[in-house]
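The values are calculated or read from the model by the stated rules, or taken from the named source; none is laboratory data. On a predicted model such as this, the values are computed, not experimentally measured, just so you know. Here the Cβ is made from the backbone with ideal geometry for all residues, glycine too, and neighbour counts use every protein chain on show. Areas reflect the complete protein model, heavy atoms only, side chains present, ligands, DNA and RNA absent. Shrake-Rupley method; radii C 1.70, N 1.55, O 1.52, S 1.80 Å.
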Amino acid sequence: MVSLIQTLAVAEYLNFRHAANYLGVSASSVSERIKTLEEDLGIRLFERHARGVRLTEAGRHFVEGVAAGVDRLEHAVKTAGAFARGDLGCMRVGVYALTPGSFLDHLLMRYRKEHPHVTIEISEGTARDIIVQLRADQLDIAFVAGAPDLPDCHSRRIWHEPLVAVLPANHALAERESVAWDDLAEESFIVRHSGTGPQAYEHILLRMAGRWLDAPAIMRCDVERCTLMQMIAQGFGVSIAGEAAGLIDIPGVTFRPFHDEPEPVPFSAVWSPYNQGATLRNLLDLAGKMGRSIAAS
């Protein structure tokens, strides 16, 4: 490789001494290496004369080929370096939802800004669905509500959101600044099958245990988030969500925090311990940095 680089330098300067000065080596070493290369190839690359050298016809074709190869090698090295740093690649992200203005929305937006040449593919589903995809190596990372303890995956709490009650705008409780779980004892709840619906279902059962007079009043719907919100606006029932759900102005729906909820809802990142990719590491580092910044504010 050194001989090829020196050959290119001599071909550019057409002078051993000038090429050697550019390379920071002695002219004699350059001359000796090129002579050895010519002998190994059985091809005369340069014609020597008193004022310098000139390329032979064979030498010209050889140098053109070497230059093209060096360019391709340099490109390959730069490309490999970009992948190693996480500046190139693909990040497959599983989410429960992507609400405008939410932590997750800001995280992915900032990541794309800092790594514009990394392609992001987003898959939306329940925590169970995206964890299954993660285990099947169809995702690189999953963001879920809660703090899952999975023996075959790594997980880390990234941010927290207060829990809010989702009510029709004309509901009697909508006039209050906050609500308690006891206030909802006579309400019917509706949750989705998808997104964070299964976790909301479990949380409602946990909090309402002993508060309902009859059987649990929870209707599970196979609908999208916007349809669920419209159902709440029309009085089908009430629901719960993380605070970020209230970032979108939805006609006929209001959000009220719980004043007796013990702690905010944690949201976690989950990933495979076998994934050592730089793109994943960069996203986790950025998520941790943003999460700590919010916690400190």
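A few remarks follow.
- Taking Cα atoms only, the orientation of helix 278-296 departs from the longest principal axis of the chain by about 50 degrees.
- In the chain, the calculated helix contribution to ellipticity at 222 nm averages -13500 deg cm²/dmol per residue, counting -39,500 (n - 2.57) for every DSSP H run with n ≥ 4.
- The chain - share of DSSP beta bridges that are antiparallel (%, nearest 5): 60
- The residues neighbouring residue 15, those whose beta-carbon lies less than 14 Å from its own, together hold a net charge of +2 under the Lys/Arg +1, Asp/Glu -1 convention.
- The chain: angle of helix 103-114 to the longest principal axis, Cα-based, in degrees nearest 10: 10
- Cα long-axis angle, helix 197-208 against the chain (0 to 90 degrees, to the nearest 10): 40
- Across the range 163-257, the relative contact order, built from alpha-carbon pairs under 8 Å that are at least six residues apart, equals 51 percent.
- Taking every alpha-carbon pair under 8 Å whose residues sit at least 6 apart, the chain reaches a relative contact order of 22 percent.
- Each other residue within a Cβ distance under 12 Å of residue 115 adds +1 if Lys or Arg and -1 if Asp or Glu, for a net charge of +2.
- D_trans [Stokes-Einstein, Kirkwood Rh over alpha-carbon pairs] for the range 1-85, 37 °C, 0.692 mPa s, µm² s⁻¹: 242
- Where labels lie 7 Å past Cα in the beta-carbon direction, separation of residue 180 and residue 41 in nm: 8.9
- Charge tally for residue 204 (other residues, Cβ to Cβ under 13 Å; Lys, Arg +1; Asp, Glu -1): +1.
- For residue 147 and residue 79, a Förster radius of 30 Å and the Cβ-Cβ distance give a FRET efficiency of 0.20, rounded to the nearest 0.05.
- For residue 74, the accessible area of its heavy atoms, probed at 1.4 Å with every protein chain present, is near 90 square angstrom.
- Packing-based order for 51-57, 229-235, using average beta carbon neighbours within 10 Å, highest first: 229-235, 51-57
- Under-5 Å amide H pairs with residue 46, H placed in peptide plane, nonlocal only: 56
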